[in-house]
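Visitor: Can you keep this structure in mind? I'll have questions shortly.
Values in this text are rule-based calculations from the coordinates and carry no lab data. What you see is a predicted model; the values in this text were computed from it and never measured. Backbone-built Cβ (ideal geometry, glycine too); neighbour counts: all protein chains shown.
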Amino acid sequence: MVVNRPEHTPSESVASFPAGYHPDHAGKRYVIGITGASGSVYGVRLTEILLSMGYSVHLVISNAGWRVLKEELDWTASSREEMLDGHFGSLPGKLVYHSFSDIGASIASGSFRVKAMIIIPCSMGTLANIAGGISANLMTRAADVMIKEERKLVIVPRETPLHAIHLENMLKLAHMGVSIIPAMPAFYYRPQTLEDAVDFVVGKVLDILDIEHHLFERWGE
């Protein structure tokens with residue numbers, strides 16, 4: 001059955017939105033997942049950059065991810081919200097932290113619109129679950145939502161060497177439109193610090209998201 005409804009005027013349409021709503025809010029939201037792969041600094045740096053640009057970041061960190069943050073960056077996993085607030089609280093964007101086990105979080109639903117999701121770094125276990133359609137936690141469920149809703153999903157795998165199953169899972173996801181950006185820094189611009197190398201990888205993620213940045217010197221510029 002088709003029901004004909006009168007067209008709303010622009011003012012009526014705006015008035016029908018909830019208070020404080022703006023049509024481009026979904027375009028300002030990004031989901032970032034940090035798994036237990038080495039290279040947690042990549043996820044932290046991307047979160048910093050997006051928040052510094054005023055975007056909203058919905059952050060999910062696996063239990064193994066918290067362990068790696070402790071080992072690599074000396075983050076204290078026993079006081080997670082306090083740790084996040086201390087590191088990101090001064091930045092202008094909005095940070096929303098979701099528990100890894102909260103399968104009922106907003107980002108677990110396709111009706112909650114976000115611009116893209118980036119899993120950085122992505123472990124081979126998480127990658128395998130996504131490729132197999134297994135949504136056993138909020139990280140993989142949110143990724144599954146991105147695929148089914150045909151939204152941008154970016155995976156930054158951090159593993160070496162790679163065996164055939166790793167490569168097959170990446171190929172399967174690439175065929176479904178998932179962007180695969182291995183954590184492979186370039187050296188043509190002669191990075192001087194480890195931070196420079198990290199920024200190159202994060203900058204490549206921003207490129208695929210079509211977000212302007214100046215994290216590294218481009219070839220020919």
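Visitor: So what is the orientation-averaged projected area of the chain, using the convex hull of its C-alpha atoms, in nm²?
Guide: Approximately 16.3 nm², given one-decimal rounding.
Visitor: For HIS214 and LYS94, what is the calculated FRET efficiency with R₀ set at 25 Å and r taken between the beta-carbons, to the nearest 0.05? Mind dumping the intermediate values first?
Guide: Numbers: r = 23 Å, r/R0 = 0.93.
Calculated value: 0.60.
Visitor: Kindly work out what percent of the DSSP beta bridges joining two residues of the chain are antiparallel, to the nearest 5. Intermediate results must be reported in sequence, preceding the final value.
Guide: Numbers: 0 of 22 bridges.
The answer is about 0 percent antiparallel.
Visitor: Next question. Could you work out how far apart the two model spin labels at SER101 and LEU171 are, taking each label as a point 7 Å from the Cα in the direction of the beta carbon, and quote it in nm?
Guide: Computed distance between label sites SER101 and LEU171 equals 3.8 nm.
Visitor: Measure off 7 Å from each Cα along the Cα-to-Cβ vector at ASP196 and LEU73, then give the distance between these two points in nanometres to one decimal.
Guide: Between ASP196 and LEU73, the simple spin-label model gives 2.2 nm.
Visitor: Can you tell me the FRET efficiency between TYR188 and THR160 if r is taken as the Cβ-Cβ distance and R0 is 30 Å, rounded to the nearest 0.05?
Guide: Details: r = 21 Å, r/R0 = 0.70.
The computed FRET efficiency comes out at 0.90.
Visitor: Rg and Dmax in Å for segment 55-129, alpha carbons only: what are they?
Guide: Considering segment 55-129 through its Cα atoms, Rg and Dmax are 13.2, 36 Å.
Visitor: Anyone know which of SER123, SER109, SER40 comes out most mobile in the 10 Å Cα GNM of the chain?
Guide: Fluctuation is largest for SER109.
Visitor: Of SER56, SER106, SER78, which has the largest mean-square fluctuation in a 10 Å C-alpha GNM of the chain?
Guide: SER78
Visitor: What list of ³J(HN,Hα) couplings, whole Hz, do you get for segment 61-71 from phi and the Karplus terms 6.51, -1.76, 1.60, once you set θ to phi - 60° and write x for glycine and proline?
Guide: Taking θ as phi minus 60°, the curve returns 10, 5, 4, 5, x, 5, 4, 5, 4, 5, 5 Hz for segment 61-71.
Visitor: How large are Rg and Dmax for segment 152-221 when only the alpha carbon atoms are used, in Å?
Guide: Final numbers for Rg and Dmax: 13.6, 39 Å.
Visitor: If you don't mind, there's one more thing I want to ask. Name the aspartates and glutamates eligible as straight-distance cross-link partners of LYS204: C-alpha to C-alpha under 12 Å, and not fewer than 8 places from it in the same chain.
Guide: List returned: GLU212, GLU217.
Visitor: Given 0.36 nm per residue, what is the gain on full extension from ARG113 to MET53 after removing their alpha carbon distance, in nm?
Guide: 19.7 nm
Visitor: What aspartates and glutamates sit close enough to LYS172 to cross-link, taking a C-alpha to C-alpha distance under 16 Å and skipping anything fewer than 8 places away on the same chain?
Guide: ASP144, GLU150
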